[in-house]
Structures are given as C-alpha cells and as structure tokens.
1. When the stretch 184-197 is examined, which residues are found to be in contact with a helix residue (DSSP H, G or I) (Cβ under 7 Å, 6 or more places away or on another chain) and part of a helix (DSSP H, G or I)?
2. Go through the stretch 84-103 and give me each residue that's modelled with pLDDT of 80 or more and under 12 Å from residue 162 (Cα atoms).
3. Looking at residue 79, is it without any contact (Cβ under 8 Å) to a residue 24 or more places away in the chain, surrounded by fewer than 15 Cβ atoms within 10 Å (Cβ to Cβ), part of a helix (DSSP H, G or I) and out of contact with any strand residue (DSSP E or B) (no Cβ under 9 Å at 6 or more places or on another chain)?
4. Residues of the stretch 16-44 being surrounded by fewer than 20 Cβ atoms within 10 Å (Cβ to Cβ) and at pLDDT 85 or above, which ones?
5. So, of the residues in the stretch 171-202 that are farther than 24 Å from residue 78 by Cα and modelled with pLDDT under 80, which turns out to be surrounded by the fewest Cβ atoms within 10 Å (Cβ to Cβ)?
C-alpha cells in the first residue's frame, strides 16, 4: 500500500474509478440473470443490482473526497462503503448458499405470478409445457415441442429446462459479488490511511 500522501490519493481515486466499472459489471450481471430466468422471482439477484447502483453513487463521493482531501466526505464515504461491503458480502453468500429446492421454490413463485403470455413465451423458447407437469395451470402449448422427434411425444416440464439457467444466474451473481466485495474492504482501509495523512501543501492549522 502507498505510504505517501500523493500516492494514497492517486490510489484512492483509481480505486473509485475501478468501483464504477465494477458497479456496471454487477448491474449487467444482475440484469442478465433476471432476463435469463424470465419468470423467476429472484430477490437476491435484485440485491446485487441495488449494490451496483449504490456503489456508483458512493464512488462519486469517494472521488470528490479524495481530490479535495475532505475529512467529512471521506468519513461518510468510509462508513457507507463498509456497510455496502457487509451487505454485498451477505447477499453474495446468500446467492451461493441457495440450494436446488430453494431455487425451485423461488421459480414456482415467479411462475404463478406471471401472465399467460409470459408462460407461453417461456414454453415456446425452452421447449417445455407446464411448470412441474402438463397438468399444471398453464396456457395450452400451441406448438409441438421443439425437442420432440416423435409426433406424439410429450414436452418436459419447464422447471427441468429452467433449472440450469437459474442455478447459473445465482452462482454468477454470487461469485462476482463475493470477489468485488473484498475490493470494497480494501477501499475502506485505504480511506482510513489517507484520511489520517496530512496534506503537505495545506495549512497545518487547517488540518483536522
């Protein structure tokens, strides 16, 4: 870690610029996960999306505080960034800790909430019919199953088709969120060090 004032300042500015890039990555992953799952209700993925948006706002505050060496800005930046680290770390662990049964429960909740048009779109896209089986409440499968070769074969339930997509969405959000949460903790440590350093160009009596 940088020892001098200028080096710490530049490192903190660069880290916050990295945070902005990270935030867009988190937002992109969360949006992809929601779009890929289509019908599933993924509140944990929404938490990753919220962390990305908050991180952008915090990064702007961090850049301003680092440029001006503003003690109050740096203090609030440090506290909020640490809280964001705790939230993002918890959400990422939750994404990685969700088991198959819980994923299926969330998917079923989402399936029951969406309209018939969305269900029809899912059935057509994934080549499935119904959620657990064809006796479930669902729109009539108007087209033959795309995976069928025999004319009278039955389409598989949609949960079988969606399972891999849902699991991939959770794992992707979890690992990316977990990795980048540790960079936020590094930002907190760097801010503590930079905030306690004296600006050599400033009036010593103005230093708090």
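1. 184, 185, 187, 188, 190, 191, 192, 193, 194, 195
2. Of everything in the stretch 84-103, just one residue is modelled with pLDDT of 80 or more and under 12 Å from residue 162 (Cα atoms), namely 100.
3. yes
4. Matches in the stretch 16-44: 17, 18, 20, 21, 24.
5. Across the stretch 171-202, the extreme among qualifying residues is 172.
The values are calculated or read from the model by the stated rules, or taken from the named source; none is laboratory data. Please read these numbers as outputs of a predicted model, since none were measured by experiment. As a convention, Cβ positions derive from the backbone with ideal geometry for all residues, glycine included, and neighbour counts pool all protein chains shown.
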